[in-house]
1. Can you give the alpha-carbon Rg of the stretch 231-356 over 2.2 N^0.38 Å, where N counts its residues?
2. Taking Cα atoms, how many degrees apart are the long axis of helix 11-33 and the longest axis of the chain, rounded to 10 and kept between 0 and 90?
3. Against the longest alpha carbon principal axis of the chain, how many degrees, from 0 to 90 and to the nearest 10, is the axis of helix 90-107 turned?
4. So for the stretch 37-355, considering every pair of alpha-carbon atoms, how many percent are separated by more than 25 Å?
5. Rounded to the nearest 10 degrees, what's the angle between the helix 227-245 long axis and the longest principal axis of the chain, both from Cα atoms, 0 to 90?
6. Given a Förster distance of 45 angstrom, what is the FRET efficiency for residue 35 paired with residue 57, based on the Cβ-Cβ distance and rounded to 0.05?
7. Just want to confirm a number: the relative contact order over the chain, from Cα pairs under 8 angstrom separated by 6+ residues, in percent.
8. How are the alpha carbon pair distances in the stretch 57-188 distributed across 5 Å bins from zero to the largest one, expressed in percent?
């Protein structure tokens, strides 16, 4: 009887086994470090204030997606057809943030609601942007994470570590703050390296009233097939209607990544090959709501190429930032402020309103 010869392992097979082992190890690492927030979380509120808004008094609210300090007019972004995954350098990130702080300070709104605020992310050179925004010197603030991944492995070079969220700053007293988890439209393994979007809900007591001013800061889904955005919209509508039925004043603001079905965005038609937002069906909210987008000026520009030096005519613009306001609030002004997209791919949107 002859000897049994050991099976030879081809270099290709060995390589495939090594790659499979690396994938299993990396998937295990992501699973162990995955951000897994509760459906409802109570958040810390920094600072203190003795000021309260009063019915009959005008208040101002500014909403701005600050593009994590990295999406100024020199930037493009790989998810929108561009090439880059981070700011050109740390100095530009700091310069963008300084410009944002200066702009908000000049406007001086009573309340500032910010989206895409990084606190420790590779894409923004590990700058703690929440700390930098502390230079605004608001009396109180709160922060809710919506994107926390130890390492995002794509594209090449990879996006790397992301730790980011949405923030609210107020000169008025914030009685409480909550993080409410929104539906996540992605499945494993993509869900491990994607956003866990949420609502940041802050409650402000009113002078001489047992009602509350309920502020909802948000940044809804952008890159799903549409089902996620609809599920998130329905959840937002249910929550807002519950607050209105309780007699509260309600303001939701932020980057909807959708145009309201009641808004006219025909001035900025869709261009072939460019990212396009969905349409938010405002009928999902029922009666008693005001859907506010400034139709005279776009609130966002595409990131398929840098803005600085580009031809303005023919550039892709969007109408996706705005406010939803309960009908017990009288809106006195709404304006998307023209800042030339210098510090972010979004422009700040300012609301002035009176609590009836």
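1. Working: Rg = 15.7 Å, N = 126, 2.2 N^0.38 = 13.8 Å.
It is 1.13.
2. 30
3. Roughly 10 degrees between the two axes.
4. Values: 23434 of 50721 pairs.
I get 46 percent for the Cα pairs in the stretch 37-355 exceeding 25 Å.
5. 30
6. Working: r = 39 Å, r/R0 = 0.87.
Calculated value: 0.70.
7. Values: 814 pairs, mean separation 73.0, N = 356.
Answer for the chain is 21 percent.
8. Taking every Cα pair in the stretch 57-188, the percentages come to 2, 10, 19, 22, 19, 14, 9, 4, 1, 0, 0.
Every read-out reported here was derived from the displayed coordinates using simple, explicitly stated rules and does not represent laboratory data. Source: prediction; values computed, not measured. Cβ sites come from the backbone with ideal geometry, for glycine too, and all protein chains shown count toward neighbours.
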